[in-house]
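A.B. asks: Sharing a structure, written as structure tokens. Questions coming.
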Amino acid sequence: MDKRIVAVVVTYNRKEMLKESIAALKNQTYENLKILIIDNASTDGTKEEVKDYLDERVLYFNTGENLGGAGGFNFGMKCALRENADYIWLMDDDAIVKENTLNELLDFAKSINDDFGFLSSHVLWTDGSNCQMNLQKISLSKKLKDFKKPQKIKLASFVSFFIKSEVVEEMGLPIKEFFIWGDDWEYSSRISKRYNCYYVPSSEIVHKSSKNMGVDISQDSIDRIPRYFYAYRNEGYFYRKEGLKGKLYNFLKRTLHKFKIRKSKVADKKERLKILKDGYKASKTFNPRIEYMYRPSTQINVLECFGEPLLYGGQEAFIFNMYRNFIAKQIKYTFFTPFNCENKDLISLTQERKDEIVAANKNFNSKFRKFYITKEFKRLLQKKQFDVVHIHTGSVFALYSLAKIAKKAGIKKVIVHSHAGGFNTFKYRLIKGYSDKRITKYADVYLACSKLAGEFKYPKSIMDSNKCIVIKNGIDCKKFTFDEEKREEYRKEFNLDGKFVICNIGRYSDQKNQEFLVEVIKKLSDKISDFKVILVGEGEKKEEIHKKIEDYKIRDYFIYLERRNDINNILFASDLFVLPSKFEGFPVVSIESQCTGLLTLSSSTITEESNITDLIEFLDIDNPQIWVEAIVKALNKKVLTREGYASQVKNKGFDAKMSARQLESIYKGEADDV
């Protein structure tokens, strides 16, 4: 479907020029274009003059008063957003587009996969030369010089300024208090600090200004001099926001302008110098606020940051359970991964709630994985603004590194979250020792799924002072309440009738220890034969594990499943859940299995905080034979009923709604301490 584009044309007392501008816009080869005429209360009969141009594609709005160019574009962009624009295209009433001006912008946008903040056309004067008033800048002080090739720019005018609506919603509107001059410089600078923005030479537009000259107080006509007050006031504000470099540039620019006025041959030098002085003086106290179309003043933007792909693993299951139960309307969420997102449930829910997923689609198995994590995270924080960053990752070093990047990017609240714990290698101790001395400088809130997970990731000082908040891995207890009909349905689907079904869910990795499970099943096959093993997951060791199963000639006992959103039904169909992990923080799937009333064998390295029913047994993972005996025992055990366990899990505080309320209160600043 074609993108919906809304052109915004701001006009004031130039009805003849406006008619030419509208006619050129209606002649664009791109059809899904709506044109909004924003009339700053013209007194020359503009409304009556353009009446014949109005139709379903051309709408007229009168602002009721002269808001200036800045106020007019602010007003017009609001109207465009209400028209459900995908892109907004800004221009003055004396700007005349060519037949393919818009299509060239769209073609360029497509060539860069729509990855831009704004695009700016090549602005020509009436004689075909570059329009001096609308020269783009590649930096604060350097104007564009090469007009033949596309290139990144920092500053652009509102003559053929093409911007995505989602960028407007995020970054806000032009500052209407500027009235005239400098509003486009400030706005384009604001956008280019977060997004890549481009000059597009093939997209041409003619600006029919009276003279082909830039803004120059020393040469301009006397009737235009009063408006220079706004120029110097607005520039003073703009350059002040650019820091020391901007202040220095503004000082040099003002000094040059004073010199040019004094050296000029105009008769009213004192008046011009006074305008310059008064404008700069006013800039010192000029502090307008950026206005947002849809963002309420209380809105909180939260970034959920992951150092792994967004699939169906434990961390993703946790945050999805939370997200599905969040109710605070003032919080907007962005989910970020440097890798891929293939969690269809998360994708669907974020689309429904108009939240966002940012996936850089880098190769998770690459040796540059850690580099991708930090690089893409920095890139995102340069583009988008967040109030809270919540970091989820199994890596101690990544947790510290991302917290440092977030805090240095100006994030007010940086939350670190430990989802794992247990192993104690030399490499881990070395990295944790490094992190312990530094993470407290950058993290504001410390979360963990269990006390063990907190001890694994955080310094002793944090744990001893009770600054670590345990957020229980709450689940949807209703969803995991045992269902006999679903059990029979799934057992029939997978030909499990008469079979004892063992289930393991987890990423194929060294941590999850499926290699040990294969040893157990090999020994079990020597004792019994009427059983099946369901393995759910994927990961870097999948091929290795599957090969080992083939080598042991036990492939017939296994059912391989990958990305599933029906884990509850798979657990219903099973008779035993096994979790031989080398380490875990607090495995969500262990709570889910117990909630379904499923017997569970768990590694003794996993925190005993997961022991919330009488269904779980902890075993050492140094001897497969112990597990074989436990499985045979479970096979012969008569389970009276699988009903009632969901209530037990909920009563122990593992309901997702309760955990979600706790997490939301932290985001809102209501519960940052234990």
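A.B. asks: Taking a probe of 1.4 Å, how large is the accessible area per residue of region 414-473, in Å²?
C.D. replies: Value for region 414-473: 46 Å² per residue.
A.B. asks: Near the amide H of PHE500, under 5 Å away, which other amide H atoms are found, from residues 5 or more places off or on another chain, if H is placed in the peptide plane?
C.D. replies: Placed amide hydrogens put PHE531, LYS532 under 5 Å from PHE500.
A.B. asks: Measure off, as a whole percent, the carbon and sulfur share of the 1.4 Å-probe accessible area of the chain, all protein chains present. Display every interim value, and only then the final one.
C.D. replies: On the way: 14900 of 30590 Å².
After summing per-atom areas, the C and S share lands at 49 percent.
A.B. asks: Holding the Cα-Cα limit at 24 Å, pick out from LYS354/LYS668; LYS383/LYS408; LYS499/LYS527; LYS542/LYS637; LYS370/LYS451 the pairs that are longer than that. Don't skip to the end; give the middle numbers.
C.D. replies: Details: LYS354/LYS668 20 Å; LYS383/LYS408 15 Å; LYS499/LYS527 14 Å; LYS542/LYS637 32 Å; LYS370/LYS451 27 Å.
Flagged as over cut-off: LYS542/LYS637; LYS370/LYS451.
A.B. asks: With n ≥ 4 as the cut-off for DSSP H runs, can you work out [θ] at 222 nm for the chain, using -39500 (n - 2.57) per run divided by the number of residues, rounded to the nearest 500?
C.D. replies: -11500 deg cm²/dmol
A.B. asks: Please report, to one decimal in angstroms, the Kirkwood hydrodynamic radius of region 130-272 built from all distinct Cα-Cα pairs. Can you show the working numbers first?
C.D. replies: Details: mean 1/r = 0.0604 Å⁻¹.
16.6 Å is the Kirkwood radius here.
A.B. asks: Would you work out the relative contact order for region 116-256, in percent, from Cα pairs under 8 angstrom that are 6 or more residues apart?
C.D. replies: Working: 207 pairs, mean separation 46.3, N = 141.
In percent, rounded to a whole number, it is 33.
A.B. asks: The list (i) 81, 55, 48; (ii) 80, 70, 61; (iii) 106, 54, 43 gives values of Cα extents along the principal axes in Å, and only one came from this structure; which label was calculated from it?
C.D. replies: Answer label, from the structure shown: (iii).
A.B. asks: Within a Cβ distance under 14 Å of THR350, other residues only, what is the Lys/Arg minus Asp/Glu net charge?
C.D. replies: Working: positive: ARG324, LYS332, LYS344, ARG353, LYS354; negative: GLU166, GLU304, GLU316, GLU342, ASP345, GLU352, ASP355, GLU356.
Charge balance near THR350 sits at -3.
A.B. asks: Still on this model: Check ILE357: other-chain or 5+ apart residues with amide H under 5 Å from its amide H, H built from backbone geometry?
C.D. replies: Answer set, sorted by chain and number: PHE335.
A.B. asks: Using modelled backbone amide H atoms (1.01 Å from N, in-plane), which distant-in-sequence or interchain residues come within less than 5 Å of SER203's amide H?
C.D. replies: Long-range HN contacts for SER203: HIS122.
A.B. asks: Quick one: accessible area per residue over region 82-196, 1.4 Å probe, rounded to a whole number of Å²? Please report the intermediate quantities before stating the final value.
C.D. replies: Details: 4380 Å² over 115 residues.
Per-residue value: 38 Å².
A.B. asks: For region 525-674, what does the relative contact order come out to in percent, with C-alpha contacts under 8 Å and a separation of six or more?
C.D. replies: That works out to 17 percent.
A.B. asks: While we're on this one: Using just the C-alpha positions of region 184-241 as equal point scatterers, what log10 of I(q)/I(0) does the Debye formula give at each q in 0.17, 0.23, 0.27 1/Å?
C.D. replies: Log-scaled intensity ratios, in q order: -0.86, -1.07, -1.11.
A.B. asks: Follow-up question, since we're still on this one. Taking the solvent-accessible surface of protein heavy atoms with a 1.4 Å probe, what is the per residue accessible area of region 272-321 in Å²?
C.D. replies: On the way: 2320 Å² over 50 residues.
The answer is 46 Å² per residue.
The values are calculated or read from the model by the stated rules, or taken from the named source; none is laboratory data. Worth saying up front: this structure is predicted, and the values here are computed from it rather than measured. No Cβ is skipped: glycine too gets one built from the backbone with ideal geometry, and neighbour counts run over all protein chains shown. These accessible areas exclude ligands, DNA and RNA; they are computed on the full protein's heavy atoms, side chains included. Shrake-Rupley method; radii C 1.70, N 1.55, O 1.52, S 1.80 Å.
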